[in-house]
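Asks: Handing you this structure, nothing more for now.
Taken together, the values in this text are just the output of simple stated rules run on the coordinates, not laboratory data. Quick caveat, the model's predicted, so the values are computed rather than measured. Note that we place each Cβ from the backbone using ideal geometry, even for glycine, and neighbour counts take in every protein chain shown.
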Amino acid sequence: MSNNTEQIQSRAGCLRTAGTGAALIALVAVLVFSIGCIASSNPGADVPPAQVTTVPVTSSAPSHQIVSGKGVDPSKIVIATPLAVPGTGVFIRVNYPGAFTGTYSVNGTSHNVQDSGYRLYPIEDPAGVVTATFKKSEGSRKQNLTVEIWENGKLINSGMSPEPYGRVIVSSQV
């Protein structure tokens, strides 16, 4: 009986050794695979730089363009930006990317406007009261219609409307 017991214990020891050996082989295989992956990643290899596309910015008419769909040529995209006001003179500046109509006047002389985008209207022979009335030609709530009166580089009056077909009236003595 002790002979049978010794044989069973001997076989159990072999199985334990074989199981440990198989686990050790699997561990070595994982390590070799991992080291191979890290080495093949070639960290010193040249990586091509990201491509950058430059889009020219313009404020000439039309001052905005709606772009949709795929494959749009970036050179056709126009980015609207508010116009700088000169340091001398009197100006009406209208900031709205969409279509608008309006009237501006000084001392009873009126000018009717139907336009779109960011616009700057010089006032000829400014003396007296300047009045500007502008209205959105569309029902957009996404953008504000802003109308400003500038004198010698300083903002002297402004008004704004976010409403669809919103109207702005501003007036100031110059």
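Asks: Just how many % of Cα pairs in the stretch 81-173 lie over 19 Å apart, if you round to the nearest whole percent?
Replies: 33 percent
Asks: Going by C-beta contacts inside 10 Å, put Tyr121, Tyr165 in order with the fewest on the left.
Replies: On the way: Tyr121 16, Tyr165 13.
Fewest-to-most ranking of Tyr121, Tyr165: Tyr165, Tyr121.
Asks: Here is a further query. Report, by chain and number, residues whose modeled amide H sits under 5 Å from the one on Leu145, excluding near sequence neighbours (fewer than 5 apart, same chain).
Replies: It is Ser161, by chain and number.
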